[in-house]
Amino acid sequence: MKRIFLFLLLICISIPAFGQKTPAKDPYFNKNPKPTQNPEDIVQHDHSDFFGVDPLLYDGNRYFKGNVQFNNKGSIINADLVIVYEDRKFIKAIGNVVLKNPDGSIITAEEMEYDGETQKGIARKNVVLQDPKQTIKTDILYYDRISNQAYFNTGGTITTAESTIYSKTATYFTNTRLIDLSGDVGINTTDYKIDGSNIKQNQNTGVANFTGPTTITNKKNPANKVYTESGTYNMQTKEVYLNKNSKIYYNGKTLTGDKLYFNQITGFGTGKGNVVLRDPKENRYIKGDYGEIYEKIDSAMITGNAYAVRILEKDSMYFSAERIITFQKLDSLLAKKSYLRAYKKARFYKSNAQARADSMSFNETDGILRLNVKPILWSGAKQVTGDLINAYFDTKKEFIDSLKVVNNAFAISKVDSLNIKDEFHQVKGKLMNVYYENNNIKVATVVGNAQAITYADDQNEKTKEVERIGVTLTACGTIEALFEENTVQILSCKIASQNNVYPMSFISKEERFFPDFNYNTKDRIKKWQDILVDSPNYPEVVYESDNGLFNAAKAEVDKIKAAEEAKKPKRERK
C-alpha cells in the first residue's frame, strides 16, 4: 500500500496540475536566464511529511509540508513548506528555510524562492548566510550559484572572527571571499573602526580597498585616525596605503601627502609628494617631498626641500634644511618638551634675526635655538659668528632675548647702515654674551682675549654736526660693549687693558679690520623665502674705503722724511 501511494505521488509531481499558475517572479530571476532547458534544472524532491494540490491554495500549485527537503545540483533545501512552480524548476520555501550549498555555505531564512534553471535564489526575513569565513545577516538576500555571488541592498551585517561589518549594500563573492561594500559602510574590529562609502574586502587575505571617503579610527584613542578617498588596508598586518586626499591623525598632529603609508602596530608612517606635517599644539607645520612619522615615540622626519614654519601671534619663525626632525621627550622633572632639529645646510628666518649653520636644534618649549658648525646670525645691520651660538627666546613676548657665542666669538656692526663706507664696529673674543632690547642687540660682554675696533665720534659745539674723532683699538681680558644706533661704546675693559684712540690720519684701512673679518652680504637671509635655497646669492656689496686722511698724512710724512734726508751731508767717494 505504501509503495502504491509513493507511485501515485510521483505521478502527481511529474504531471502539471490543472489550473497551475506561476506567481509573478522577482525581476532578479529574469537576469541572464539560461537559454537551454535541461532535466537537471528540475528541483528534485527528497522528502516531506505531506503532499497536496488544492485549487484554493497557492494558486492551485503543488505544495509539500513537514520536514520538506528538495535538492538541485548539489544544493539541498529544507523548509516547513515548499510550493513547486513551472515544471518543478521554481520553488518557494516558507518557514525554517535552510539552503546548503556544495561550497559549504548555508543560508537560513523565513522564506526563500529558488529557480533551478538560473540557479538563483532570494531569501527573505531574518536571513543568515554562513560559511567558514563569516556570517551575513540581512532582511533580503539575493543569491546566484552560477556567478557565486550573494547580494543585499537593504542593509546588513557581516561578522567574522576579526570584525563586524555593517553596509547598506554588499555583494559577496563566495569563491574568492571578496566583499564589495557600498552605501554607508562600517567595519568594527577589536581596536579599530572603519567608516566608508565604497569598500571591497577580501576575507581570505584580510585586505580592504577603498574607493570613496573612508576613515579608520583607533577605538582606544579616537583622535588617532586615518582618512583617505582611495587606498588599501590590510586588516591582518594593520598596514594602510593611502593614495588620494589622505590624512593621518596621530598624537594631535596631522600628516598629509600625495601617497601615505601607516602601520598601526608599529606606529610608523611615511608620506611621499607634497608632504605636510601639522602640529596645532606647537603652532607649527613642516613641508617637504618625503616624510616619516613614529607615533610610539612621537617623532617625525621630513626631507626633500624641507622647511618648517612656527606661527606666532606677532611673528613667525622659519626653518629649512636637507632634513628636519621633530620629537618630544621628558626632561629631568618629567615635563614633556618639544624639539625641532634641522640637519645639513640649516637656515632660519625671523623678522629680527636670521641665521645659517650646518645644523640647528630648537627647544620649542623653552625657546632655545642652538646653531652648530660655522654658524652666522644677522640682526639688523649686525652680524654674529662663532663656533657655537645659542639663541634664547622669550616665549611669551616671542622675541630673542639673548645670545651666547662659544669660541671665536665675533660681532660686527655697520657704523652707518645707510651708506656703503667700509666702516664697521668689531668686537671679538673667546666667549660672548649678547643681550637684546626692543628686538635689537644692545649689549655684548666678551670674555677671554677680548678685542674691539670701534669708531669714535663727537659733536662739534659750533656746527652741532657729528665729526669723526678716530678709531679706538681695545684689548683686554673682558670687554662690555654698548651697541647704539650707529655707535659702539666700550663700557668697561678689564684685565690687562689697552685702549688707544687713533685719528683717521694715523690708522690705515688694514688696521681698521681684524684679520678674520668677513661681513657676509651674499648669503644673508633677507626674507623668509631665502631659506628655501642653499644661498640667495645676493650681489656682494662693495664698500667704499675712505683712506684719504691717512694717505694725505702719510704723503706729508714721506715728504718731510724726504726733505730731512735731503739735508743730510752726502759723502763723496774719491
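The values are calculated or read from the model by the stated rules, or taken from the named source; none is laboratory data. A quick note: this is a predicted structure, and the numbers were derived from the prediction, not measured. Cβ: placed from backbone, ideal geometry, glycine included. Neighbour counts: every protein chain shown. These area figures cover heavy atoms from the full protein model, side chains too; ligands, DNA and RNA do not enter into them. Shrake-Rupley method; radii C 1.70, N 1.55, O 1.52, S 1.80 Å.
Brief remarks on what is shown
- Unit charges on C-beta of K, R, D, E only; dipole of the stretch 180-257, Debye: 300 debye
- Computed from Cα atoms, the angle from the helix 2-14 axis to the main principal axis of the chain rounds to 60 degrees.
- Pairs with C-alpha atoms separated by more than 29 Å, drawn from the list Lys219/Lys244; Lys133/Lys259; Lys253/Lys396, are Lys133/Lys259.
- Accessible surface area normalised per residue over the stretch 250-372 is 42 Å², counting heavy atoms of protein chains with a 1.4 Å rolling probe.
- For Asp298, distant residues with modelled amide H under 5 Å away: none
- Long-range amide H partners of Lys238 with built H, under 5 Å: none
- Taking the protein heavy atoms of the chain in the context of the full set of protein chains, the accessible area attributed to carbon and sulfur is 52 percent at 1.4 Å.
- Cross-link partners of Lys397 among aspartates and glutamates (Cα-Cα below 13 Å; sequence separation of 8 or more within a chain): Glu313, Asp315, Asp366, Glu437
- Here each label is just a point 7 Å from Cα along the line to Cβ, and for Glu544 and Asp46 those points are 11.0 nm apart.
- Karplus-based coupling profile of the stretch 445-462, in residue order and whole Hz: 10, 10, 10, x, 6, 6, 9, 8, 10, 10, 9, 9, 10, 8, 9, 6, 5, 7, with θ = phi - 60° in 6.51 cos²θ - 1.76 cosθ + 1.60 and x standing for Gly or Pro.
- Between Asn305 and Phe517, the C-beta separation translates, for a Förster distance of 35 Å, into a calculated FRET efficiency of about 0.55.
- Greater than 21 Å apart at Cα, pairs in Lys287/Lys336; Lys414/Lys509; Lys350/Lys404: Lys287/Lys336
- Cα lying deepest toward the dipole's positive end in the chain, options Asn283, Pro503, Asn520, charges on Cβ: Pro503
- FRET efficiency for the pair Val466 and Lys281, taken as 1/(1 + (r/R0)^6) with r the Cβ-Cβ distance and R0 = 51 Å, rounds to 0.50.
- Signed unit charges on C-beta, dipole axis of the chain, positive-most listed residue Phe152, Ile91, Ile420: Ile420
- Student exercise, the stretch 249-360 dipole from Lys, Arg, Asp, Glu Cβ charges, in Debye to nearest 20: 200 debye
- Backbone geometry of the stretch 143-151 corresponds, through the Karplus equation with coefficients 6.51, -1.76 and 1.60 at θ = phi - 60°, to 3J(HN,Hα) couplings of 10, 10, 6, 5, 8, 6, 10, 10, 9 Hz, x marking Gly and Pro.
- Cα centroid of the stretch 212-243 to Cα centroid of the stretch 410-462, whole Å: 58 Å
- For the chain, the dipole from Cβ point charges (+1 on Lys and Arg, -1 on Asp and Glu) about the Cα centre works out to 1040 debye, to the nearest 20.
- Label-reachable residues, the stretch 427-454, where backbone N falls under 18 Å from a point 7 Å from Ile495's Cα toward its Cβ: 427-434, 444-452
- Point-to-point label distance, Glu313-Glu437, nm (Cα→Cβ direction, 7 Å offset): 2.5 nm
- Set of lysines near Lys25 by C-alpha distance (under 28 Å), chain-local residues within fewer than 8 positions excluded: Lys34, Lys65, Lys73, Lys89, Lys92, Lys100, Lys120, Lys125, Lys137, Lys168
- Per residue of the chain, the DSSP helices (runs of n ≥ 4 H) give a summed -39500 (n - 2.57) that works out to -2000 deg cm²/dmol at 222 nm.
- Once the chain from Asp139 to Phe268 is taken as fully extended at 0.36 nm per residue, the excess over their C-alpha distance is 42.3 nm.
- Helix axis angle, 548-567 relative to the chain longest principal axis, alpha carbon, degrees: 30 degrees
- What the stretch 149-191 shows is 41 Å² of accessible area per residue, with the surface traced by a 1.4 Å probe over protein heavy atoms.
- Residues with amide H under 5 Å from that of Asn188, placed H, sequence gap 5 or more: Thr164, Ile165, Tyr166, Ile194
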